[in-house]
Structure formats: C-alpha cells, structure tokens
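The values are calculated or read from the model by the stated rules, or taken from the named source; none is laboratory data. What you see is a predicted model; the values in this text were computed from it and never measured. Please note: Cβ atoms are built from the backbone with ideal geometry, for glycine as well, and neighbour counts cover all protein chains shown.
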Amino acid sequence: MNGENELDEIREEAHGERDLAKAPISWDALAAELSATREESERRGDADPGTWDAVAAELAARVADRPVEESPAPSPVEDPAENEPADDVPPEDPAPPDVPAGEPALEDAAGHGADEPIALSPEELRGGLEALLFVMDNPVDEQTLAATLRSTAEEVRSGLAALAEGYDERRAGITLRRVGEGWRLYTRDEHAPVVERYLIDGQRSRLTQAALETLAVIAYRQPVTRARISAIRGVGVDGVMRTLLARGLVYEVGPDPDSGGGLYATTPLFLERLGLRGLDELPELAPLLPETATVLDEHPDA
C-alpha cells in the first residue's frame, strides 16, 4: 500500500500542477524530485521496484506531450568591455594602402618595402655598383642596377661616373666603360702585356687574318650578303662566316630583297669585345686606306 500511495503522490505532483500550468518539463528539477522521493522510500525500507518502473513508464509516455525546458537565450546586448583590447595585447597596425588586407607586406631585414627606394651613402652606392659589375658577365644597364640596389637611376648614374673617375685617378688595373646601353668593367689597356703573359695559347683563341678581314667588311658595310663580302675580299668566305657565326660576332638579320641571299650584321658581342658604345665609334677608313698611286703600282690592271 505504501508503494501505491507513493505512486499516487508522484502522479499528483507530476500531472496535477504541471497540467494546470502547462509548464515545460524541467528534467533537472524532476530528476532531483524523484531521487529525493526514492531515497526517502529506501530509508523507510518500503521501496518497491515495480512501483518505480510504473512511474518511469508513465512519465516516458507523457514526455512527447510536454516541451523540454530550454535555457534562456543570451541577451543581444553586448558588453562594451568585450570589445576593448586587453591591456597586454598591443593593437594591430593597419595594413598599408597598397597591400591587400590579410597579406603581409614584403620587407627586407631593415624593414623597407620591396619597391621602396633606400637612401644609400655614396660609399655604399659605389661599393654595391662595383660588386654587381664584378659578377656581371655582360654589360648591365642603369635601370637594372637601380632596381637591384633599390635606388634611383639618377643616383646610379652619378655613382657610376664617380666609380669610373676613381679608377682613372688612381690608374687602377681596371676601368669602367659604357658599352652600348650598359656598363662593364675592363682591364686597362696599359696592362695588356701583363694579361697576355698570363694567358697561354690554349686559354685563348685568336681570329685568323681572314676572319678579321671578313669581320671588318661586315662591320663597315652591314647589312651585307656573303656574295658581296666575297666580291670585296676576292675569295670565298663560307668557312670564315661559319667561324664568325659560331663565335657570336655576326648574325643573319634577314633576306636581301634584291638577291634573296642572307644579310649579315655584327652583334652586341662584337661591340663589347672592341669596347665600343655603337658602330658610330668605329674608326674612319680613309686614314687607313693606302694611296691610290700605291694601289695602281701594286695592281696595274685594276
């Protein structure tokens, strides 16, 4: 009977007041209430397992008819303190205008941007120019030097002039020359015998007299065809032309519109080897030509 009385009490508590209020089920409160009732029954020694099973079955059958009590939603009002930065966290620096958000700006070890010019002292500028020119195999233009040193073209131009002037003042073994559109270091002419003694025949390959004559004809008459070169020299030039092409001193610029033969001209390497800025610096031919009387004496049939 005690078990039936407890069942009736639990039913009244579970269905009476809750059915009247239509309040949602609070599982935490219900569990605490049932646990307290069961502990009380166990202390009295009149707990009936069948009674508790019947209570659990009836409660489970009615769960679907009652909503589960939910915890209240957080208030939409934000705490101003949450938006304030912590005292020990430094504020983030805004990104530069030309750098997209979220992408770090490229900087060097000194903190300069990738394209930002660097103020160099005259000594630093000359030293950087000298180092670059030393490792360059070909003449390098001022724009390339300025971009590498992160300087301006005007500063590079001034540094190159100062560097060349310093070599000339102390009669250094090297000299700085402008070749075509670039600059390159050369050994000074007065030290050529020293360099020649160091070099041996296996370390250098000289052009033959025929190759030099053919190269001179091309340099002064370019663009010119092989037939025209042969006519000027009076001999065939096929073998010599192959040598000059292989050395990179001449190249074919296109076909002759009259004969269809290939037209040949000198390359920038030719100017580099001679230390010239352009073809306009080639020496005049008139002082080098023999007198007309001498030619007639040597070739009376000419």
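Tabulated values for the structure
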{"quantity": "Close pairs from the stretch 179-194: first touching a residue at least 24 places away in the same chain (Cβ under 8 Å), partner of a type in the set (Phe, Trp, Tyr) and surrounded by fewer than 15 Cβ atoms within 10 Å (Cβ to Cβ), Cβ under 9 Å, at least 6 apart", "calculated": "VAL179/TYR186; LEU185/PHE134"}
{"quantity": "Qualifying positions in the stretch 245-276 - charged (D, E, K, R) and either in contact (Cβ under 8 Å) with a residue 40 or more places away in the chain or closer than 29 Å to THR175 by Cα (or both)", "calculated": "ARG247, GLU272, ARG273"}
{"quantity": "Any hit, the stretch 141-148, residues being assigned by TED's automatic domain parsing to the domain that holds GLY182, at pLDDT 90 or above and part of a loop (DSSP other than H, G, I, E, B)", "calculated": "yes"}
{"quantity": "Every pair of residues 6+ apart whose Cβ atoms lie under 6 Å, when the first sits in the stretch 221-244 and is farther than 10 Å from ALA210 by Cβ and hydrophobic (A, V, I, L, M, F, W, C) while the second is in a loop (DSSP other than H, G, I, E, B) and at pLDDT 90 or above", "calculated": "ILE229/VAL237"}
{"quantity": "Residue that is nearest to TRP183 (Cα to Cα) [pool: residues in the stretch 237-256 that are assigned to a loop (DSSP other than H, G, I, E, B) and either at pLDDT 90 or above or of a type in the set (D, E, K, R) (or both)]", "calculated": "LEU249"}
{"quantity": "Yes/no for ALA231 being closer than 22 Å to GLU281 by Cα and not β-branched (Val, Ile, Thr)", "calculated": "no"}
{"quantity": "Residue match in the stretch 109-119 (condition: outside any helix (DSSP H, G or I), surrounded by 11 or more Cβ atoms within 10 Å (Cβ to Cβ), touching a strand residue (DSSP E or B) at 6+ places or on another chain (Cβ under 8 Å) and modelled with pLDDT under 85)", "calculated": "yes"}
{"quantity": "Output for the stretch 128-143, where each listed residue is surrounded by 15 or more Cβ atoms within 10 Å (Cβ to Cβ) and not charged (D, E, K, R)", "calculated": "GLY128, LEU129, LEU132, LEU133, MET136, PRO139, VAL140"}
